[in-house]
1. Computed FRET efficiency, Cβ-Cβ of Trp263 and Asn15, R0 45 Å: what is it to the nearest 0.05?
2. Using label points projected 7 Å from each Cα along Cα→Cβ, tell me how many nm separate Gln201 and Glu23, to one decimal.
3. Under a 1.4 angstrom probe, counting protein chains only, how are Arg136, Arg182, Arg27 ranked by accessible area, largest first?
4. So if we plug the beta-carbon distance of Ser245 and Lys288 into 1/(1 + (r/R0)^6) with R0 = 25 Å, what FRET efficiency do we get, rounded to 0.05?
5. Can you put Val198, Val164 in order of accessible area, largest first, using a 1.4 Å probe?
6. Once you have the alpha carbon radius of gyration of the stretch 238-299, what is it after dividing by 2.2 N^0.38 Å, with N set to its residue count?
7. Hey, which of these cross-link pairs are over 21 Å Cα-Cα: Lys156/Lys292; Lys224/Lys288; Lys230/Lys297?
Amino acid sequence: MKINRLLEIVTILLNRETVTAKELAERFGVSSRTIYRDIDALSSAGVPVYTNRGNNGGISLLEDYTLNKAVLSKSESEGLLLALKTMGATSYPEADAIIDKLGSIFKNNLAHDWIEVDFDGWSSKVNEKNRFSKIRDAIINNQVIRFDYVNTNGDKSNRSAEPVKLIFNAYTWYLIAYCLLRNSHRIFRLSRIKNVQVTNQRFTRRELQEDENHGASLPLVELKLRCDEKALNRLYDTFDGDCISKNDDGSYDLTATLPEEEWLYGYILSFGGYAEVLEPEHIREIIKTRAKEIWGKYF
């Protein structure tokens, strides 16, 4: 419809200083003559649109023109656009288009390209980058998914599950799903999910009990770790400053309650010679044994 095209032309002009009639004609599948008629219609309606001829010419709006009719404060508009940026990072349908339109509306208040959100790791492969969006779509459409999974003990299995919710917690994404193998709700770490397939099988969502542990309960330990000053940045990457104290010799102690699993052992070992486990003793022994195993592979 013409009215939709006119509104979209205004949105494009709000986001770009200048656009040519040819670009607009190709975008909407009409002739350049039709675009110029649209520009005349906008001008007659009071929209301050004008054209410039020449190499750098094109169609533009007066610099200060906006459609700022939203009853939102600057902080509220910033929060809204941040939420949409986050949704855009998950490839949420139409998020980019909404961001463009709202960015135009808030033009005088906000540079809406101040943040970029990317949920995929630096080394993610193409098929892994589609994993999040596949699971998201399956949740929205109530479709059963199949995937390969490696649990905390390193056991590999193929699962079919009814996906319920994606959760971001402690710097990691998790999936809550009803596992058809275990016949109960479970938590799966997203990084361990591989080869996701969305099936045509639909499901009716089961009631999720908030107090369920979803098969993910792990023993908690109070870890005390002494680190060299060179590793301080690593501590602040993961923990709040209240967990970290400085010693007289310049070293730092971390005291934190953490779930005991493979991640914890790997995290400690990743410090190399810059960290030492002080407590608990059994984790100190585990790290000592693994360090000897590493030594044995090289010497």
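The values are calculated or read from the model by the stated rules, or taken from the named source; none is laboratory data. Here the structure is a predicted model, which means the values were calculated and not measured. So basically every Cβ, Gly included, is an ideal-geometry build from the backbone, and we count neighbours across all protein chains shown. Note: accessible area is taken over every heavy atom of the protein model, side chains too, but ligands, DNA and RNA are not part of it. Shrake-Rupley method; radii C 1.70, N 1.55, O 1.52, S 1.80 Å.
1. Given R0 = 45 Å and the Cβ-Cβ separation, E is 0.55.
2. If labels sit at Gln201 and Glu23, their model points lie 4.9 nm apart.
3. Final ranking, largest accessible area leading: Arg27, Arg182, Arg136.
4. Given R0 = 25 Å and the Cβ-Cβ separation, E is 0.55.
5. Final ranking, largest accessible area leading: Val198, Val164.
6. Here the answer is 1.22, to two decimals.
7. Lys156/Lys292; Lys230/Lys297
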